Each structure stands twice: as C-alpha cells, then as structure tokens.
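Since the structure comes first, as structure tokens, the remarks are kept for the end.
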Amino acid sequence: MSVARPNPAQWLWYAFGGGLPARYASWVLHDTTTRTWWLRHIVRCVVQVAPFVVAIVVLVPGPLWLRLMCSLGGAIMGLIFSISYMHETAEHRLVKAGYPPGTGPAARAERTADRDAAAAERYAARYRTPPAA
C-alpha cells in the first residue's frame, strides 16, 4: 500500500505542530507508529529548536562562546522537554489526523507483540524453569 507523503513545506508545517489534510492521515499513522517513530520525533524537535539557536548565535550581542553555550543550553532543555512528552505529542498528532485516542500505543504494541511474546518466553525459560539436578 502506498502512503501519500507531504511535501517539504507541509512537513515543516507538520513539524511545527500544524495539521495535515485528511489524505495524509495514513502517513501520520506511519510517522507516529513506525519502528523509528521516536527518532522522527527528535528530528522534528531539532527542526523546531534550530531557528532559535541560529537567532541567538547571529543576533544576540556578546562573545561567541557565550552565545553558543546559551544556544546549546536552550536546545538541550528543549530536547529534554520534547522527549518527556514524546508519547503525548505523538498521540495528539494522531488525534488531529482523525484517529481515536489510544491508536498510537495500540499500533506500536501490535507491531511488537511477536517480539514481546518471544522475549517473555525466553525469560520464562531462563528464569522460571527449575535448574536441572
């Protein structure tokens, strides 16, 4: 199945929190539930923080080292905040795309169900089986 991808301008709008047209709903689901969804979230956060970093380095007077350190500190704080609310942000994006609440965690759990079951079996075999006498 082919998923319609937004163009770069639409993606930038989406990265800054804007909604996409309904035809991109399947792409939003893919974006927020794929194996690398957390990495995609971090890239969106870096895109959101980048203009402020550039503005501080270019426009604020003072020594370059101080401007760079202020930018770095602000970027790190922004990343920490964004990562703290990663699941909620992904869920909000899905709700804006028309999906019911809970779609993201359910889709991610479904995708990893086989792997989780295999890990549980390995754990049970290793730690729950009595040792051989």
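Sorted largest first, the spans of the alpha carbon positions of region 5-44 along the three principal axes are 23, 18, 14 Å. On the principal axes of its alpha carbon atoms, region 49-94 extends 42, 15, 8 Å, with the longest extent given first.
Relative to the Cα centre, the charge distribution of the chain, modelled as +1 at Lys and Arg Cβ and -1 at Asp and Glu Cβ, gives a dipole magnitude of about 180 debye. Expressed as a fraction of 2.2 N^0.38 Å, the value expected for a compact globular protein of N residues, the C-alpha radius of gyration of region 10-86 is 1.33.
Remark: region 31-43, residue by residue, has Karplus-estimated 3J(HN,Hα) of 4, 9, 10, 5, 4, 9, 4, 5, 5, 4, 5, 5, 4 Hz, where x stands for each Gly or Pro and the curve is 6.51 cos²θ - 1.76 cosθ + 1.60 at θ = phi - 60°. Normalising the Debye intensity of the chain to I(0), with uniform scatterers on Cα atoms only, and taking log10 at q = 0.10, 0.11, 0.13, 0.16 Å⁻¹ returns -0.49, -0.57, -0.70, -0.88.
With springs only between Cα atoms under 10 Å, which of Leu12, Leu39, Leu66 fluctuates most in a Gaussian network model of the chain? Maximum fluctuation in the GNM of the chain, among the listed residues, is at Leu66. Amide H contacts of Arg5 (H built 1.01 Å from N, in plane; Pro and chain starts excluded): no residue 5 or more places away or on another chain comes under 5 Å.
Each peptide among 105-118, 83-96 gets the average number of other Cβ atoms lying within 10 Å of its residues, and from highest to lowest they stand as 83-96, 105-118.
Every read-out reported here was derived from the displayed coordinates using simple, explicitly stated rules and does not represent laboratory data. Just so we're clear, the structure is a prediction, and the values are computed from it rather than from any experiment. Methodologically, a virtual Cβ is constructed for each residue, glycine included, from the backbone with ideal geometry; neighbour enumeration extends over all protein chains shown.
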